[in-house]
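What follows is a short report on a single structure.
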Amino acid sequence: MRIALVGATGFIGSKILAEAVSRGHTVTAICRNPEKIAPQENVRTRAVDVNDAEALADAVASHDIVVHACAPPREMEMEAKIAAQTAITTNIIAALKARGIPRILAVGGAGTLLIDGVRSMDRPEFPKQFEGGAKATAVVKELLEEEHDFDWTVLCPSTMIVPGERTRKFRLDFDDLIVMPDGTSKISVEDYAVAFVNELEHPMYTGHRFTVGY
């Protein structure tokens, strides 16, 4: 599969890159600083500013799928972060349309997942310091839901996504936050990448958001 990966040097994007390459896929790693990616077989890097819609469209041309793993800097204020993610996602959608790419799989956020029918980020116990990131990431799903010209899927992690092991043992669900018996919600970024590339290879959630957790 020929994958155009936008945000290939990020916390999640870098693990998706490693997982996809380990399975023999060809990846174009699209990012601002490609020098951060070590040379390796089946990986081509493209230095692209995601705010440059024309350059982004050229970078994704001739691929089977686009992966959206791009997020604004964490230090941004909430409103600026929402605006930045809106622009990023809008440009990625425009690039797909311009080049006729049939499919996109995007990284979502745990804040949009439901707990007893209420979005996690709307509950009173949701940490305020994560509110900006949650609201910005919610934009990705909202914008993709409006599109009907291509197939889309969003994979949301558990509340805690942390470096860990690649166990390949996890649970999947549609909209409800996955919680372990001790009340925590967790997934390693390595296992998140496994679930992500599984969906790339064998689509099960086209036109939907889904989640992964232990």
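Here are a few things to note about the model shown:
- From the options Thr89, Thr45, residue that is in contact (Cβ under 8 Å) with a residue 40 or more places away in the chain and touching a helix residue (DSSP H, G or I) at 6+ places or on another chain (Cβ under 9 Å): Thr89
- Residue in the stretch 181-188 that is under 16 Å from the mean Cα position of the chain (by Cα) and more than 25 Å from Ala98 (Cα to Cα) present: yes
- Applying the criterion of at least 2 residues that are of a type in the set (Val, Ile, Thr) and either modelled with pLDDT under 95 or within 14 Å of the chain's Cα centre (by Cα) (or both) to the helices (runs of 4 or more DSSP H) found wholly in the stretch 1-101 leaves 78-99.
- Residues of the stretch 178-203 that are more than 19 Å from Gly13 (Cα to Cα) and among the small types (Gly, Ala, Ser): Gly183, Ser185.
- Evaluation of Lys15 against (1) surrounded by fewer than 21 Cβ atoms within 10 Å (Cβ to Cβ); (2) under 20 Å from Phe196 (Cβ atoms); (3) among the charged types (D, E, K, R) (one fails), failing number: (1)
- Filter pass, Gln129 being polar (S, T, N, Q) and at pLDDT below 95: yes
- Checklist (1) buried (at least 19 other Cβ atoms within 10 Å of the Cβ); (2) more than 19 Å from Ala69 (Cβ to Cβ); (3) charged (D, E, K, R) applied to Arg123, failing item: (1)
- Qualifying positions in the stretch 177-214 - out of contact with any strand residue (DSSP E or B) (no Cβ under 7 Å at 6 or more places or on another chain) and among the hydrophobic types (A, V, I, L, M, F, W, C): Val179, Ala193, Val194, Val197, Met204
- The listed residues are Ala69, Ala106, Ala95, and the only one of them that is crowded, with 23+ Cβ neighbours inside 10 Å, free of Cβ contacts under 8 Å to residues at least 60 places away in the same chain and under 25 Å from Arg166 (Cα atoms) turns out to be Ala106.
- Evaluation of Ala136 against (1) in a helix (DSSP H, G or I); (2) among the hydrophobic types (A, V, I, L, M, F, W, C); (3) buried (at least 21 other Cβ atoms within 10 Å of the Cβ); (4) at pLDDT 95 or above (one fails), failing number: (4)
The values are calculated or read from the model by the stated rules, or taken from the named source; none is laboratory data. In this text the structure is predicted, and so the values were computed from the model without any measurement. Cβ coordinates were reconstructed from backbone atoms using ideal geometry, including for glycine residues, and neighbour counts include every protein chain displayed.
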